[in-house]
Amino acid sequence: MKSLCLGGTARVIDRAQSLGIEVINLTPGNSYGSDTIPSYDHATFLPFACTVFRREHCDTVWCFTEHGLVHGAWIAAMMGVSRANPPVVVEATRHKTVMRQILSHQGDLSWPWDRVKTASDITLFVEKFGPSVVKPCHGTGSERVSLVSTETAPQRIGDWIIEQFIPGEEYSAEGFCQNGNFQLVALTAKRSDQNFVEMGHIMPAKQLVSDDVVPWLSMVHRALGIQWGPTHTEFKWHSGRFIVVETHTRPGGDRITELVHLTTGIDLVKWHMCQSLDLPYSPDSPSAHAAAIRFFDVTPGRLSRVEGVDRVSNHPQVTECILPSIGQQIAPRTGSTSRAGHFIVVGDSPDEVSALCDELENQVVFTVEEHI
């Protein structure tokens, strides 16, 4: 068995090898033989990847990262791979306005939104619907997401989407589809800063009852035409209804797959690998009732000192601790890629892991110089 993989990480390759699957990994900028793998675009990457697929006699194609999803779907379609979502489905989840257009035709899934290109467009929308959120139509990782009013509307923008602001707590659903049938795997409660950058996740989300949310999630997936593999749906609960923020045909980022594995025993990446090749999959036993990840809140500047880290890394309930390096320039936090380190904890309940995250985060002190 052999699979083409787009942008596969070491963790992805290790999982495949543990299943006895050979992987041909294509990451733009890296080498394949004597060739440099081209960047993700239809004109150069698709012909290159399809040639490699044929040459290597691959059986399927995977992509677990944001930027290669659409290309993976096109390769699957062009190579006749079954058990793969059609490109039109993946493209709809990658383009926020297309997704909103599809959901607008479902009364229970619609929410006020519009496509905007000028400050006056934003002002007209806000005057009608109140405080709203603007973000790029193709944005990822919470980059350039902002809350706007008539007083704060930007003067120049590009091709953006605006949505009426949804108050309340935000959650995500980690799911899996098999031939169009949606299965809920886990529910996650989110913690975000004032700029909508996610700073933590807790699993399970104790505030939600799965029996209430599963029918709604199934309706979202049917409306978008999602057929196969892992999914990640971000949503809010407001005024007695669930409201979609966005949906993806991939596992959640931010190490959410690790939280899923810790609390359910399910490895979403391995499950999808097995599904794509029609192999049996059996989950592991859960190792914790609850788990959480917390990202450090570090002031921008050059990091000169970190104190208290041993109290986190050596704590018996901490399973992972990643820190920024001394001397590293900490950039202002504008999205998920500009966060500086994290840790993961396990426990017996969501309340316990949440309180432990607060306690441990407060024990680590970062000293920075030369503020940006």
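The values are calculated or read from the model by the stated rules, or taken from the named source; none is laboratory data. Please read these numbers as outputs of a predicted model, since none were measured by experiment. No Cβ is skipped: glycine too gets one built from the backbone with ideal geometry, and neighbour counts run over all protein chains shown. Note: accessible area is taken over every heavy atom of the protein model, side chains too, but ligands, DNA and RNA are not part of it. Shrake-Rupley method; radii C 1.70, N 1.55, O 1.52, S 1.80 Å.
Of note:
- The chain - percent of accessible surface contributed by carbon and sulfur, probe 1.4 Å: 49 percent
- Peptides 33-43, 104-114, 250-260 ordered by average Cβ neighbours within 10 Å, highest first: 250-260, 104-114, 33-43
- About its Cα centre, the dipole of the chain is roughly 900 debye, where the only charges are +1 on Lys and Arg Cβ and -1 on Asp and Glu Cβ.
- For segment 276-318, the residue among A288, G308, V318 whose Cα projects farthest onto the positive side of the dipole built from Cβ charges is G308.
- Chain lengthening between H95 and K2 when straightened (0.36 nm per residue, less Cα-Cα): 30.4 nm
- Extension gain, D35 back to E370 (0.36 nm per residue minus Cα-Cα distance, nm): 116.4 nm
- Here r is the Cβ-Cβ distance between D193 and R54 and R0 is 45 Å; the resulting FRET efficiency, rounded to 0.05, is 0.45.
- Projected over all directions and averaged, the alpha-carbon convex hull of segment 240-372 occupies 11.0 nm².
- Electrostatic bookkeeping for A355 treats Lys and Arg as +1 and Asp and Glu as -1; over the other residues with beta carbon under 14 Å from its beta carbon, the sum is -3.
- Annotation: peptides 176-182, 1-7, ranked by per-residue average of other Cβ atoms within 10 Å with the highest first, follow the order 1-7, 176-182.
- D (Stokes-Einstein, µm²/s), Kirkwood Cα radius, segment 64-111, 0.890 mPa s at 25 °C: 210 µm²/s
- Contour minus Cα-Cα distance for D14 and R83 (0.36 nm per residue): 22.6 nm
- Shape call, the chain: gyration tensor on alpha carbons, a/c limit 1.5: rounded
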